[in-house]
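Report on the following structure.
The values are calculated or read from the model by the stated rules, or taken from the named source; none is laboratory data. No experiment lies behind these values; they were computed from the predicted model shown. Note that each Cβ is placed from the backbone with ideal geometry, even for glycine, and that neighbours are counted across all protein chains shown.
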Amino acid sequence: MNDRWTLVLPEGLDDFAWAEAEVRGVLLHVELDHAGRRYPAIVYDPYRIVQDADLVTESAPFYEANVVLVPEVTRDAVARAADRLARGGEPDWLPPRAPEPESSWTLDVANGAEVVDWARVGERGALSASLRYGERRFPITFHDLRRLAEAVGWDDLDHLESRRGDPRPVEFAGKNFIVLAELTRDAAEQAVAELGRRGEFAWLLD
């Protein structure tokens, strides 16, 4: 059995579908496969991911389970990304699935620290924490919109919005992450509660 990560693309991707994906900057209905088990994923270019996050965070948290970032959504670029995943084992954080007693999703920000300086978190625009479901924990990353733009290669939001220049080549690890308009404790906790109620994290347990 193949124990390497593979990127599974939707069936029926012809030249027209690839051209459409390149224009849109996103490829939907992608999965990550490991030893026959599949996890949800999405392919984005550096412009569309921030554009989508900007639109969604006007009224709700933006959440993606696994993002594969490519310079442009073309057949060749996605093939290179798939090869990189196969060689690098990047999604190895994904947990074994196991039955779990009914519980609710909460945010655990301590990660071994007694106090989290939320003012500093807000300045950085990023936070690594854990999702808690019963006794299990799963890594989660938060970004604000500015930090997301920088993480996917833009110098700042102004450069992105005006399309001045091109994003820097980066290998963005979009693994189980949430984007918020403003990264505060209340916003982060409310996002986890809302996404949990909507079933967005269920794939971690199924």
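Among the listed residues D33, D54, identify the single one that is closer than 22 Å to L148 by Cβ, among the charged types (D, E, K, R) and surrounded by 15 or more Cβ atoms within 10 Å (Cβ to Cβ).
D54
In region 161-206, how many residues are among the acidic types (D, E) and over 20 Å from R120 (Cβ atoms)?
Qualifying residue count, region 161-206: 6.
This table checks each residue for (1) among the acidic types (D, E); (2) modelled with pLDDT under 90; (3) touching a Gly at 6+ places or on another chain (Cβ under 6 Å).
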site	(1), (2), (3)
V78	no, no, no
L85	no, yes, no
G88	no, yes, no
P99	no, yes, no
L107	no, no, no
E114	yes, yes, no
R124	no, no, no
S128	no, no, no
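Evaluate region 156-175: report whether one residue or more is closer than 23 Å to P46 by Cβ, touching a strand residue (DSSP E or B) at 6+ places or on another chain (Cβ under 9 Å) and β-branched (V, I, T).
yes
Would you be able to tell me the number of residues in region 115-149 that are touching a residue at least 12 places away in the same chain (Cβ under 8 Å) and either over 19 Å from V192 (Cα atoms) or touching a strand residue (DSSP E or B) at 6+ places or on another chain (Cβ under 7 Å) (or both)?
Summing the residues that are touching a residue at least 12 places away in the same chain (Cβ under 8 Å) and either over 19 Å from V192 (Cα atoms) or touching a strand residue (DSSP E or B) at 6+ places or on another chain (Cβ under 7 Å) (or both) in region 115-149 gives 24.
For region 43-63, enumerate the residues that are among the small types (G, A, S) and either over 13 Å from V152 (Cα atoms) or modelled with pLDDT under 95 (or both).
S59, A60
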